[in-house]
1. If a residue has to be within 9 Å of the ligand (Cβ to nearest atom), buried (at least 21 other Cβ atoms within 10 Å of the Cβ) and of a type outside the set (G, A, S) to count, how many in the range 264-285 make the cut?
2. Quick one: which residue in A351, A319, A376 is on the phi < 0 side of the Ramachandran plot, among the aliphatic types (A, V, I, L, M) and in contact with a strand residue (DSSP E or B) (Cβ under 6 Å, 6 or more places away or on another chain)?
3. When you scan the range 374-390, how many residues do you find that are within 18 Å of L219 (Cα to Cα) and more than 15 Å from the ligand (Cβ to nearest atom)?
4. Hey, P289 hits all of (1) more than 8 Å from the ligand (Cβ to nearest atom); (2) surrounded by 13 or more Cβ atoms within 10 Å (Cβ to Cβ); (3) touching a residue at least 40 places away in the same chain (Cβ under 8 Å) but one; which does it fall short on?
5. Given the conditions (1) away from the ligand (no atom under 16 Å from the Cβ); (2) among the hydroxyl-bearing types (S, T, Y); (3) in a helix (DSSP H, G or I), and given that T393 satisfies all but one, which numbered condition is not satisfied?
6. I'd like the full set of residues that are of a type in the set (S, T, N, Q), open to solvent by less than 70 Å² (accessible area, probe 1.4 Å) and out of contact with any Lys or Arg (no Cβ under 9 Å at 6 or more places or on another chain), limited to the range 325-358.
7. With the structure loaded, tell me whether I218 is more than 26 Å from E162 (Cβ to Cβ) and either within 16 Å of the ligand (Cβ to nearest atom) or surrounded by 24 or more Cβ atoms within 10 Å (Cβ to Cβ) (or both) or whether it fails that test.
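The values are calculated or read from the model by the stated rules, or taken from the named source; none is laboratory data. Everything numeric in this text was worked out from a predicted model, so none of it was measured. When we count neighbours, we look across all protein chains shown, and the Cβ atoms used for this are built from the backbone with ideal geometry, even at glycine. Just the protein is used for accessible areas: all its heavy atoms, side chains included, with ligands, DNA and RNA removed. Shrake-Rupley method; radii C 1.70, N 1.55, O 1.52, S 1.80 Å.
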Amino acid sequence: MAKDIPDTATLSFGDKSINLPMSSPTLGPDVVDIRKLYAQGDVFTYDPGFTSTASCESAITYIDGDKGELLYRGYPIDQLAEKSSFLEVCYLLIYGELPSATELTDFTTRVTHHTMLHEQMTNFFRGFRRDAHPMAIVCGVVGAMSAFYHDSTDIYDPWQREVATIRLIAKLPTICAWAYKYHVGQPFIYPRNDLNYAENFIHMCFAVPATEFKVDPILSKAMDRIFTLHADHEQNASTSTVRLAGSSQANPFACIAAGVACLWGPAHGGANQACLEMLREIGTVDRIPEYIEKAKDKADPFRLMGFGHRVYKNFDPRANVMKESADEVLGLMGIEDNPTLQVAKELERIALQDAYFKEKKLYPNVDFYSGIILDAMGFPTSMFTPIFALARTAGWISQWKEMIADPSQKIGRPRQLYTGAPHRDYVPVSER
Ligand code: CMC
C-alpha cells in the first residue's frame with residue numbers, strides 16, 4: 001500500500017523557500033529529491049560519508065538496520081543462507097528473480113565453463129613479488145582482465161555486459177585461489193568442471209598435483225554459505241566505488257578492480273583479517289577486559305574489529321548465521337574447543353553487556369565469526385578479504401549492470417565545502 005507522504009518538502013533559508021519533490025520507496029525512509037537544489041537555491045548539501053544521502057535508485061538489496069534485516073531482491077538472508085546456494089543467489093541478484101530449474105542449470109553451466117583464465121595470465125601472476133598480499137594480486141589481475149577479454153568491455157552492448165558478468169563470477173575463484181598458490185609457492189591448480197562452485201574454489205586452493213585431494217562436503221557447504229552471506233550489501237563503500245567508477249563509463253573489469261581496492265581497507269572487507277588477528281592477539285579470555293577498555297578509550301585508536309556497522313543498529317543478521325556456522329563447522333571438525341572461538345564468544349558476551357557498546361549500538365558484524373571458520377578450513381588470514389571480494393563480485397556486478405541500465409544515472413561528481421585559501425595572486429619565489 002502506498003504511503004501517505006507530502007509531494008514536496010520545503011527548505012527555507014534567508015529569503016528563499018524551495019519546494020523539493022519527495023518520493024516513497026517500497027521499503028525504508030522517504031526521500032527528498034535535492035537534484036534541483038543548487039539550480040534553485042544556489043546551495044549545496046553537506047554529507048561526508050553519505051550518512052543521509054541516497055546516491056541511486058536500486059531494486060537489489062535492502063537493509064533495515066533497526067530490525068537487523070537484510071533482503072536480497074526481497075528474500076531474507078537467513079532463508080537464502082539456509083535453503084539456497086551461492087550460484088542461485090548470484091542469479092537472483094543479477095536477474096531479479098529466483099531461477100527455474102532449467103535457468104539454474106543453464107546459468108551454472110555457463111559459469112562453470114568460464115572458470116579458466118587466459119593462459120597468458122599466469123605470466124601476470126608471476127610478475128608479483130612472492131610476498132605480495134593476495135588482495136594486491138587480486139586487485140591487479142582483475143584490472144588486467146580488461147587487457148585479456150577485449151570482447152566484453154563495450155558497456156553499451158548488452159551481450160558483452162552479460163559475458164563480462166559471467167566471466168567475473170566464474171573467474172574470481174580461480175584468480176583468488178591462484179593468488180594464494182603464488183603466495184605460498186605452490187603450482188596453480190586448474191578449475192574442474194565436475195566440482196561445484198565452492199568445491200572448485202577449495203580444490204584450487206588446497207589441492208597439489210602430487211596427490212589426490214577430496215573436498216570435505218561440510219567445508220564446501222560452509223564455504224558456499226560464506227559466499228551467500230557476503231554476496232551483496234546495498235550501497236556500501238566498495239559497491240559505491242564500483243558505481244562511481246562505472247559512472248565514468250569505465251569497463252566492468254576496471255570497475256570491479258576499483259571495488260576490490262576499496263574493500264581491502266580494515267574498516268570494510270579487511271576487517272575479517274584484522275578481527276582474527278585481534279582475537280589471536282587477545283589470546284585468552286582473561287585478557288578481554290583490557291581490550292574492551294582499549295576500545296572505549298578515545299585516546300587509543302584501537303577498535304574492536306568485527307564490531308559495529310554504519311547501518312545495523314540492532315544486530316547484523318549475517319553475524320547470527322555466521323556464528324551458527326562456526327559452531328557447526330568446528331563441531332563437525334571436532335575442534336569446538338578452538339581457543340579463538342572461545343575468546344570470540346566471551347568477547348561478544350562481555351561487550352554486549354557493556355554500557356559503551358550498548359549506548360553506541362555496537363554489535364558483532366559479519367566479520368566477527370567468518371575468520372574463525374576460514375581459519376579452521378586452513379586459510380591464512382591474508383586470504384580472508386580475497387574470499388570476501390570473490391563473493392561480493394556478485395553484488396558489485398549486479399549493481400553495475402543496474403546502474404548502466406538506469407537512464408537517470410549521471411557521472412558521479414560530488415560537490416565540496418571548500419575551506420582553502422580564497423583567491424590570491426602568485427608571488428615570484430624571489431619575493432617569498
Ligand atoms: N570499537 C569501538 N568503538 C567503536 C567501534 C568499534 N568497533 N565502532 C564504532 N565505534 C564507536 C566510534 O568510536 C564512535 O564513537 P563516538 O560517537 O564517541 O565518536 C561511534 O561508535 C560511531 O562510530 P563511527 O565510526 O562514527 O560509525 P561509522 O558508521 O562511521 O563506522 C564502522 C562503522 C563499521 C566503520 C565502525 O563500526 C568500525 O570501524 N568497526 C570496526 C571495523 C569493522 O568491523 N568493519 C567491518 C564492517 S562489516 C563488513 C563490511 O560491510 O565491510
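1. 2
2. One residue alone meets the criteria, A319.
3. Qualifying residue count, the range 374-390: 7.
4. Of (1) more than 8 Å from the ligand (Cβ to nearest atom); (2) surrounded by 13 or more Cβ atoms within 10 Å (Cβ to Cβ); (3) touching a residue at least 40 places away in the same chain (Cβ under 8 Å), only one is false for P289: (2).
5. (1)
6. Once the filter is applied, which keeps residues that are of a type in the set (S, T, N, Q), open to solvent by less than 70 Å² (accessible area, probe 1.4 Å) and out of contact with any Lys or Arg (no Cβ under 9 Å at 6 or more places or on another chain), the range 325-358 yields only N338.
7. no
Condition check ((1) in a loop (DSSP other than H, G, I, E, B); (2) out of contact with any Pro (no Cβ under 7 Å at 6 or more places or on another chain); (3) more than 16 Å from the ligand (Cβ to nearest atom)) across all residues:
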| site | (1), (2), (3) |
| --- | --- |
| A299 | yes, yes, no |
| K313 | yes, yes, no |
| E336 | yes, yes, yes |
| L341 | no, yes, yes |
